[in-house]
1. For a quick check of your reading of the model, give me the residue pairs whose first member lies in segment 62-78 and is under 11 Å from residue 12 (Cβ atoms), whose second is part of a helix (DSSP H, G or I), with beta-carbon atoms closer than 8 Å and at least 6 apart or on different chains.
2. Considering only segment 8-28, state which residues are surrounded by fewer than 17 Cβ atoms within 10 Å (Cβ to Cβ), at negative phi and part of a loop (DSSP other than H, G, I, E, B).
3. Do we find a residue being part of a strand (DSSP E or B) and either out of contact with any helix residue (DSSP H, G or I) (no Cβ under 9 Å at 6 or more places or on another chain) or without any contact (Cβ under 8 Å) to a residue 60 or more places away in the chain (or both) anywhere in segment 29-36?
4. Here is a check on your reading of the model: is residue 4 surrounded by 12 or more Cβ atoms within 10 Å (Cβ to Cβ), in a strand (DSSP E or B) and touching a residue at least 40 places away in the same chain (Cβ under 8 Å)?
5. Out of segment 111-150, which residues are touching a helix residue (DSSP H, G or I) at 6+ places or on another chain (Cβ under 8 Å) and more than 28 Å from residue 87 (Cα to Cα)?
6. Restricting to segment 48-59, count the residues that are assigned to a strand (DSSP E or B) and touching a helix residue (DSSP H, G or I) at 6+ places or on another chain (Cβ under 9 Å).
7. Pick from 76, 88: which is surrounded by fewer than 14 Cβ atoms within 10 Å (Cβ to Cβ) and modelled with pLDDT of 95 or more?
């Protein structure tokens, strides 16, 4: 599990392609402390397993499913990425609970200044509309953010100077593709309600005759 509070912005040092997969070597400093092979690392919101740890970098292997669902396959050498290690149970939950499993990618529609902050409008597929709400939480590139405005097929987030300084969002441009993970609790609630609806749909006239 993760919190969406980015620890460090790393840099892609090398990329090598395998059979329907890519190995990413990422330069870092802070997150290397106590990092071990097999640990989970959140990279731009996508949970990846560390397969190698070097003096100034670590390596993960993004498989086909990850490359399909995220923007990791678009990364190039020199690109900067948001990094967060897995949450310790003894730590504070500063953002909101994230699984590191990306739901979809989306396009940045606009970026506007509001004093020292930046306002991002980001599109989303309509199939996920039930998982969004104004003042609700969403993870963009692994960053825990609050939705300030919800539109029919896009949402708006306001990013404060500190978050811009600590993440790669300040380097994003209009039409860039970002990773989205919708609120975990919202997904569970939706699943429960859908299951109840399916159960209720079974209670029809025929079912009543047979069971009453």
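1. What qualifies is 72/66.
2. Those that are surrounded by fewer than 17 Cβ atoms within 10 Å (Cβ to Cβ), at negative phi and part of a loop (DSSP other than H, G, I, E, B): 18, 19, 21.
3. Checking segment 29-36: not a single residue is part of a strand (DSSP E or B) and either out of contact with any helix residue (DSSP H, G or I) (no Cβ under 9 Å at 6 or more places or on another chain) or without any contact (Cβ under 8 Å) to a residue 60 or more places away in the chain (or both).
4. Against the criterion (surrounded by 12 or more Cβ atoms within 10 Å (Cβ to Cβ), in a strand (DSSP E or B) and touching a residue at least 40 places away in the same chain (Cβ under 8 Å)), residue 4 does not qualify.
5. 116 - this is the single residue of segment 111-150 that is touching a helix residue (DSSP H, G or I) at 6+ places or on another chain (Cβ under 8 Å) and more than 28 Å from residue 87 (Cα to Cα).
6. Of the residues in that region, 4 qualify.
7. Within the list 76, 88, the selection yields 76.
The values are calculated or read from the model by the stated rules, or taken from the named source; none is laboratory data. For clarity, every value in this text was computed on a predicted model and none was experimentally measured. Cβ coordinates were reconstructed from backbone atoms using ideal geometry, including for glycine residues, and neighbour counts include every protein chain displayed.
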